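Chemist: Structure incoming, see below.
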Amino acid sequence: MFGLDNVAQYIDWWHDALPGSGEGFDHEGTLTSVIFTPTLTIGLSNYWNFTFSQSIGSRIMTWDGDTTTIHHRDEGTSSDFINAEGGLFGDTKLMFRYLIFNDGQGAGKRWFLGGGLVIPSKNTLRSDPFFLRGEPKTEHRHFSISEGVYKSVLEMQFFKKKLTNPVFMGGAIMVELPLKENEYGFKSSRLYDLSLTVFTKMIPKLNASLGGSVIARHTTPAYWNGIKTPNSRATVLTIGGGFLWNVAIGGIGLSLQKPVFLDGAFSGIEGEVDQRVGTWQASLSYRRMLDFMVPWLDPLKKI
């Protein structure tokens, strides 16, 4: 199966002047991310599959101040900076999933367990943008395409298909655990993710199914050189709704989502200051089953 996911996120941010900066004015701007993630899933047997995914995209910050600062300016992740390696390619994810339970092709339940590895790209921050060891602050960037950290992934998915509305419902629990700090001294947060999804039958007037989702995400503190990073611990609830079309070329989904901070703060802000963050994101997805058999995998189907 081939898939393509696109997430476009818009963040309108503001925060008070940073203590000790000597600037004496508020900071505000926007951060826009457009990330494409093509995926390829291969059935290895009747119970095992393997998924390869690669994130590609950019993040662009606009700065609404009258002059640039050492913290902020108009910039994007496609270009290098003093403490950042630019580029378009983000993390690569390799996932193996095992089908524990399956009621069949029609209505019923399906239960998967999975595990894998996140391989970081080189497009990441090369030094601590918070200067946590007390170094003199110089120009720096706070955001990148990749966190630059190898991570293990654990996942469980459970889905149920019915003949009455909602015809599809399911959920997934996912955990990402950093394996070690990277070569620049950064160790990312542990990430815990719970997502729930429902879809209705096709509505003839819309020629589509209606869908809704709720995602709860919690991140633990991250560390630069063993020192806790400001605002890295957070709990975010994302509520969304949209449409799913099953057409000749595959399944197409479109949704609008609203993330809300339940605890913590926007990680791009350097200190514990008053802040305001408004976030919206849109998601476009595509799925198509491929009518292709890998010849050397055919014997494994019997396992």
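Chemist: If you add up the charges near Asp80, with Lys and Arg at +1 and Asp and Glu at -1, over every other residue whose beta carbon is less than 15 angstrom from its beta carbon, what do you get?
Modeler: In short, +2.
Chemist: Using a cut-off of 22 Å between alpha-carbon atoms, which lysines can reach Lys187, once sequence neighbours fewer than 8 places away in the same chain are excluded?
Modeler: Lys93, Lys122, Lys137, Lys151, Lys228
Chemist: Compute the signed sum of charges (Lys and Arg +1, Asp and Glu -1) over the other residues within less than 11 Å, Cβ to Cβ, of Thr37.
Modeler: Spelling it out: positives minus negatives among the neighbours equals -1.
Chemist: In the neighborhood of Tyr150, defined by Cβ-to-Cβ distances under 12 Å, what is the net charge if each Lys or Arg adds +1 and each Asp or Glu adds -1?
Modeler: Net charge around Tyr150: -1.
Chemist: So what's the chain giving for Cα Rg divided by 2.2 N^0.38 Å, two decimals?
Modeler: Cα Rg divided by the expected 2.2 N^0.38 Å: 1.11.
Chemist: Still on this structure: Taking the Cα centre as origin and putting +1 on Lys and Arg beta-carbons and -1 on Asp and Glu beta-carbons, what dipole magnitude results for the stretch 2-291, to the nearest 20 debye?
Modeler: Approximately 1760 debye in magnitude.
Chemist: So how long is each side of the stretch 110-209 along the principal axes, counting just the alpha-carbon atoms, biggest first, in Å?
Modeler: Computed over the Cα atoms, the extents are 63, 32, 21 Å.
Chemist: Over all Cα pairs of the stretch 1-150, how is the pair count split among 5 Å bins, expressed in % and running from 0 up to the last occupied bin?
Modeler: Calculated over all Cα pairs of the stretch 1-150, the distribution is 2, 8, 14, 15, 15, 12, 9, 8, 6, 5, 4, 2, 1, 0 percent.
Chemist: How about Lys109: which lysines have a C-alpha closer than 23 Å to its C-alpha, ignoring those fewer than 8 places off in the same chain?
Modeler: Lys160, Lys161, Lys162, Lys201, Lys301, Lys302
FYI, it's all coordinate maths here, none of it is from the lab. Everything quoted here is computed from the prediction, not taken from an experiment. Note: ideal-geometry Cβ built from the backbone for every residue, glycine included; neighbour counts use all protein chains shown.
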